[in-house]
Every structure is written in C-alpha cells, then in structure tokens.
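Student: Here it is: the structure, laid out below.
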Amino acid sequence: MAAPRNAFKAALREGRFQLGLWVALGSAYAAEILSGSGYDWLLIDGEHGPNDMPLISAQIGALRHSPSHAMVRPPMGEAWLLKQLLDQGVQTFLIPMVESAAEAEALVRAVRYPPHGIRGVGAGLGRASDFNRVPDYLATANDEICLIVQIESRAGLAAIDEIAAVEGVDGLFIGPSDLAADMGLLGEPGAPEVLAAITDAFQRIKAAGKARGIMTVSLPQAEIYRDLGADFMAIGTDVTCLVSAADGLRRRFLGEEKAGERSGY
Ligand SMILES: O=C(O)C(=O)C[C@H](O)[C@@H](O)CO
C-alpha cells in the first residue's frame, strides 16, 4: 500500500482548475463545516491564523476524508516545522515569501526523504502513514507531496524564472496583498501596477510549465485572475465570510440594508 494519493497535485497536473478558500479561524470544527461547502481545497493558514501544531493537526484530521484537500501555510518554510507537518499528514504546502531559487531548492529538499532531500524518518508516529499502517509509505511519500511557493515581493518577482525552474516546485502562488505592500501600495492589491506585475508573473510561470495560484477576497478581482489563467485560486476567507454573513444579517433585520445588498463574496 502506497502513500495517500494527492488529489490536488493530480488535478494541477491534469490542468483541472482548483477552487479554494482560506481557513484562518483556527478551529477543526469550522474546517469540518467548510469541507461541506464544495471547495476543492482549503488553506489552513498558520502564517496569519491563530494556529499551532496541535490545532493544525486537528484541522488536517477534520478534513482527512472530506472532498476538500487540505493545504497548509506554515508561518515560514523552516525544515523542522515542515517535518512535523509532513508527519501529521500534510501533503500540500504553501510557503510564504520565497525570493530565490536557493530557498526553493532548500524547500524541495525539506519535504523529501533521502537521497532526494533531508526529511527525517518518523512518519510511523503520525497520520501521514496512517500510524504505521501504510507499508510502502517511505518509498512513495515523495511522489505525493505538492510544493507551492509564494511570490509576494519585488525580489521574488525578479527571481521568478529561476524559482519556477526548480524541479520539485509544483506551483507558484502570487500574494497580491504583500506584493502590493512591497511595491509601495499597501492595502491596494487591485492597483493597476500590481495587476501588471501579476500578469507578467503568470506568463513567466506558465512558460516554465508550473501551476499559477492566487487569492483574493473580491469576486470581480477573482474573475480578472481567472481570465489571466489562474490554475488554482482562493476566492475568500472563512473570517470574511463569517463577518459578512453576521454583520449583514443584523443590518438586514434592522432595515439598514436590503437582502442581497452585501452578497459580496
Ligand atoms: O499577500 C497576500 O495576498 C497573501 O499572502 C494572502 C494573505 O495572507 C491574505 O490576503 C489573506 O487574507
């Protein structure tokens, strides 16, 4: 028996668009609720959400048998942290703020067993190997890992061709908010200059044969990114959905807003 098949990675390889949602509430219960909403993938955000290892593990567990694939973004791409997440069963990673091919190569090595990498052997203790019930886990695990690196600075954009050429990087994900901030446009991810940079980045990633990812909380912006050729995209967050629904319900009851007025994302 081999490591579990990574359905998200397979879909990207086959060119099937994957729709996602950001999950930052830090709750396994919320993640389980969202797994019924029909998204192809859910991003458990350890960079900005209040998540630690047990909490991330609980969310991975909640999504384990659901149709929504769990992707995890650790606060940073440290090998020791990736090792723990790998053993908990994380197969798809989104690594923030990658700015060079050397960083990307180190990440590839961090998520692979020797001789291709430096991943430590201990998955028998974790969910990754179904707690040591998957006999061929060690021999097959590398093939099912999907590594997505986030490009969200001018330095990352400058190195994008070299980063995209790294074998073992499956996709490049543009972070419009941080990119805008780095470009001197804090809070303006939809600015024309940022869109021009994203358009150019998408073309370069496509030319390298890698998948193009992005996120937004604006539906009109999502349509623009879709037209630009995004292969996978998150179109909102659990937090913004909750705020929008709760605030909107109260406003509608109080007559401050007509039903549907704030349907938004
Ligand atoms: O820079 C970005 O954009 C991202 O990395 C996504 C964010 O962290 C954020 O917009 C999530 O709401």
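Student: Kirkwood Rh and Cα-based Rg: tell me the resulting Rg over Rh for the chain, rounded to two decimals. Present the calculation step by step, with values, prior to reporting the outcome.
Tutor: Working: Rg = 18.6 Å, Rh = 19.0 Å.
With Rh from the inverse mean 1/r over Cα pairs, Rg/Rh is 0.98.
Student: Please report Rg (one decimal) and Dmax (integer) in Å for the Cα set of the range 181-263.
Tutor: 16.4, 53
Student: How far, in nm, would the chain grow between Ala207 and Glu193 when pulled straight, counting 0.36 nm per residue and subtracting the alpha carbon separation? Let's see the in-between values first.
Tutor: Working: separation 14, 0.36 × 14 = 5.04 nm, distance 2.15 nm.
Stretched out fully, the Ala207 to Glu193 stretch lengthens by 2.9 nm.
Student: Tell me the angle of helix 238-253 to the major Cα principal axis of the chain, expressed in degrees between 0 and 90 and rounded to the nearest ten.
Tutor: Roughly 20 degrees between the two axes.
Student: Would you tally the net charge around Arg204, using a Cβ to Cβ cut-off of less than 12 Å, leaving Arg204 out, and scoring K and R as +1, D and E as -1? Present the calculation step by step, with values, prior to reporting the outcome.
Tutor: Working: positive: Lys206, Lys210, Arg212; negative: Asp161, Glu162, Asp200.
Spelling it out: positives minus negatives among the neighbours equals 0.
Student: Additional query: In terms of modelled amide H atoms, which long-range or inter-chain residues lie less than 5 Å from the amide H of His69?
Tutor: HN-HN under 5 Å from His69: Trp41, Leu42.
Student: Scan around Phe173 for amide H atoms under 5 Å from its own, H built in the peptide plane at 1.01 Å from N, and keep only partners 5 or more places away or cross-chain.
Tutor: Amide H neighbours of Phe173, under 5 Å, 5+ apart: Val149, Gln150, Ile151, Gly213.
Student: Using 0.36 nm per residue, how much length does the chain from Thr240 to Arg127 gain when fully extended, once their Cα-Cα distance is taken away? Don't skip to the answer; put the middle values down first.
Tutor: Details: separation 113, 0.36 × 113 = 40.68 nm, distance 3.05 nm.
Contour length minus the Cα-Cα distance gives 37.6 nm.
Student: So for each of 232-240, 216-224 I average, over its residues, the number of other beta carbons within 10 Å; can you give me the resulting order with the highest mean first?
Tutor: Numbers: 232-240: 20.9, 216-224: 16.3.
The packing order, highest mean first, is 232-240, 216-224.
Student: Keeping all protein chains in place and using 1.4 angstrom, which order do Trp80, Trp22 fall into by accessible surface area, from largest down?
Tutor: Details: Trp80 150, Trp22 15 Å².
The residues order as Trp80, Trp22, largest area first.
Student: Here's another thing I want to ask about it. Suppose all protein chains stay in the model; what accessible area per residue would a 1.4 Å probe give for the range 7-254, in Å²? Don't skip to the end; give the middle numbers.
Tutor: On the way: 10990 Å² over 248 residues.
For the range 7-254, the solvent-accessible area averages 44 Å² per residue.
Student: Could you give me D for the range 23-110, from Stokes-Einstein at 37 °C and 0.692 mPa s, where the hydrodynamic radius is the Kirkwood radius over C-alpha pairs? Units µm² s⁻¹, please. Walk me through the numbers on the way to the answer.
Tutor: Values: Rh = 13.1 Å.
Translational diffusion coefficient: 250 µm²/s.
Student: When the accessible area of the chain is computed with all protein chains present and a 1.4 Å probe, what percentage of it is carbon and sulfur? If you can, show how the numbers build up before the last one.
Tutor: Working: 6900 of 12330 Å².
That share works out to 56 percent.
Student: Between Leu138 and Asp247, what length comes free when the chain is fully extended (0.36 nm per residue of separation minus the Cα-Cα distance, one decimal in nm)? Please report the intermediate quantities before stating the final value.
Tutor: Values: separation 109, 0.36 × 109 = 39.24 nm, distance 4.84 nm.
Answer, rounded to one decimal: 34.4 nm.
Student: Work out how far the C-alpha atoms of the range 68-117 reach from end to end along every principal axis, then list the three figures in whole Å, largest first.
Tutor: On the principal axes, the range 68-117 reaches 31, 26, 18 Å in Cα extent.
Student: Using only the Cα atoms, what convex hull volume per residue in Å³ does the range 63-168 have? Intermediate results must be reported in sequence, preceding the final value.
Tutor: On the way: hull volume 10.6 nm³, N = 106.
Residue-normalised Cα hull volume stands at 100 Å³.
Student: Let me ask something additional. How large is the dipole of the chain about the Cα centre if only Lys and Arg carry +1 and Asp and Glu carry -1, each at its Cβ, rounded to the nearest 20 debye? Kindly include the intermediate steps, with their values, before the conclusion.
Tutor: Working: 23 positive and 33 negative charges, 139 e Å.
The dipole magnitude comes to about 660 debye.
The values are calculated or read from the model by the stated rules, or taken from the named source; none is laboratory data. Source: prediction; values computed, not measured. Positions of Cβ are backbone-derived with ideal geometry, glycine not excepted, and every protein chain shown enters the neighbour counts. These accessible areas exclude ligands, DNA and RNA; they are computed on the full protein's heavy atoms, side chains included. Shrake-Rupley method; radii C 1.70, N 1.55, O 1.52, S 1.80 Å.
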